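So the structure is just underneath, and the comments pick up after that.
Any read-out appearing in this document is the output of simple, stated calculations on the displayed coordinates, not a laboratory observation. The structure presented is a predicted model; accordingly, all values stated were derived computationally and were not measured. All Cβ positions, glycine included, derive from the backbone under ideal geometry; neighbour counts span all protein chains shown.
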Amino acid sequence: MNPIVAEVERRGRLTFAEFMALALYHPEHGFYTRRPAGAGPVGPEGAFLTAPTASPLFARVVARLLERLAAGLGEAVTLAELGAGEGFLLRGLDQELGAKREAVIARAIGVETATWARERLLASCPWVEVGARLADSARPSGPTVLFASEFYDALPVHRVTVRREGDDLALGEYFVEADGSGGLRWQVGRPSSAELEGYLAEHGIVLQEGQVAEIRPAAQAIHAEHLAWCGRNALVLLVDYGYAARQLYNPRGRRGGSLVGYRDHRPVADVLADPGEIDLTAHVNFDDLDLAAADLGWERGGAQPLGRFLALHGALELLPGGAGRETPLEPREWAEVAAARRLLSPAGMGTDLKALLQGRGDAWGVYEGFATPPPAEA
């Protein structure tokens, strides 16, 4: 029997949030935490691509951003990455910055849950501090950049719906239980906590009958902890799938919610099948992250399509041949351009993924200085 299924059978009915935590982060059998024989779950040979693993262009753009930020501040920054994995981005930054790295990044921290990934990260990036939680690292004394790619969409979610009970409509929650034959099944019941209804009310969300939605009541508090760690002089760059609440919970666009599984770069409809073998993800309510920032006095730059963000920071110039080069591209360079299209194309990651910027103090002021496009000439 699948070990996650056996654990559900042992524990009885679980909320989907509890099940998702098991399926992704079980110490031995979780999708992210189990020790792989070869390539990890993220990347070209894994279950899905992220922005840092889709193309070297992403690290190139971030390296340029960090270089400009450090120059504007007059000092190197502390860089912390949530969900650093095996170090795809950090290795890319090291390669792009080269001898300039120490003048740009005074201190680097890679936060990663999986033991095996921390080991690989440390082996490939010995200059990086590696830990399981951001709180385990000493707080920075200078300017800080906090980065996370598809971190919040992997946090466990509760799955809810609205159903009719007699003449009234009531909120119901999806639970997961063993089906007695080695598999799992859904069961809808009353919400496990009043917190779920409170969350919807606080965000002004009114679900329609039959509508399904996913919510993360803990996301705001988790993000607030990360922001507090950064201090008063920081820039936060988050790359993730999500929308503001009014779009995320719009019954016309997402009546069935956003929960999906991934395996071998393909979506999996049955998210209860083969737990621990597939990735599970649901879109982020960006309002949670904005509220956390507002409560702490941070500035919010809003979410923008990833392709637009990358173009704003010179992605087109950084492509092979993008700086007025006249000689033909080599085959390797054509492959790099093709990979970069995943990040820039409106038909893919360029629109589906969003870049969310938040900041505080001089770091935010310097970033705004070079990130704001100049006014159009009359």
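For E202 and D136, what does the FRET efficiency come to when R0 = 30 Å and r is the distance between their Cβ atoms, rounded to the nearest 0.05? Could you put the intermediate results ahead of the total?
On the way: r = 31 Å, r/R0 = 1.02.
Efficiency, from the Cβ-Cβ distance: 0.45.
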Worksheet item: Ranked from highest to lowest mean number of other Cβ atoms within 10 Å per residue, what is the order of the peptides 146-154, 41-49, 197-205, 3-11?
Response: 146-154, 41-49, 3-11, 197-205
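As a check on your grasp of the helix formula, calculate [θ] at 222 nm for the chain: sum -39500 (n - 2.57) over DSSP H runs of n ≥ 4, divide by the residue count, round to the nearest 500. Write out the running numbers ahead of the final one.
Details: 16 runs with 140 residues, N = 378.
Per the formula, -10500 deg cm²/dmol.
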Practice prompt. Considering Cα pairs under 8 angstrom that are at least six residues apart, work out the relative contact order of region 3-156 and quote it in whole percent.
Written response: 23
Fill in: Among A63, G30, P3 the positive-end extreme of the charge dipole of the chain (Cβ point charges)
A63
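Once you have a ≥ b ≥ c as the square roots of the Cα gyration tensor eigenvalues for region 1-113, tell me rounded if a/c is under 1.5, and otherwise prolate or oblate according to whether a/b is larger than b/c. Walk me through the numbers before you get to the answer.
On the way: a/c = 3.47, a/b = 2.47, b/c = 1.40.
Prolate shape, in that a/c is at least 1.5 and a/b is the bigger ratio.
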Discussion item. As I understand it, the value is the acute angle between the Cα axis of helix 88-97 and the longest principal axis of the Cα atoms of the chain; what does it come to in degrees, rounded to 10?
Written reply: 10
Fill in: Cα centre as origin, Lys/Arg/Asp/Glu Cβ charges: region 44-187 dipole, Debye
520
Worksheet entry | Cα-based helix-to-principal-axis angle, 219-230 vs the chain, degrees rounded to 10 | 30
Fill in: Proxy reagent accessibility, fewest Cβ within 10 Å first, across C230, C125
C125, C230
Discussion item. Using the Cα centre of region 245-297 as origin and beta-carbon charges of +1 (Lys, Arg) and -1 (Asp, Glu), tell me which of L248, L280, L296 is placed farthest towards the positive end of the dipole.
Written reply: L248
Worksheet item: If you take every DSSP beta bridge whose two residues both sit in region 61-134, what share of them, in percent to the nearest 5, is antiparallel?
Response: 0
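How do 160-168, 82-90 rank on mean C-beta neighbours within 10 Å, highest first?
Numbers: 160-168: 12.9, 82-90: 25.0.
Ranking, from highest mean packing down: 82-90, 160-168.
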Worksheet item: For R118, what charge total do you get from the other residues with a beta carbon under 10 Å from its beta carbon, if Lys and Arg give +1 and Asp and Glu give -1?
Response: -2
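Rank the residues K354, K100 as a footprinting-exposure proxy: fewest other Cβ atoms within 10 Å of their Cβ go first.
K100, K354
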Worksheet item: What size of dipole, in debye to the nearest 20, comes out for the chain about its Cα centre when the only charges are +1 on Lys and Arg C-beta atoms and -1 on Asp and Glu C-beta atoms?
Response: 340
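Net charge within 9 Å of R263 by Cβ-Cβ distance, Lys/Arg positive one each and Asp/Glu negative one each, not counting R263 itself? Let's see the in-between values first.
Working: positive: R266; negative: D264, D274, E277, D279.
With Lys, Arg at +1 and Asp, Glu at -1, the neighbours total -3.
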Worksheet item: Helix 16-25 sits at what angle to the longest principal axis of the chain, using alpha carbons and giving 0 to 90 degrees rounded to 10?
Response: 50
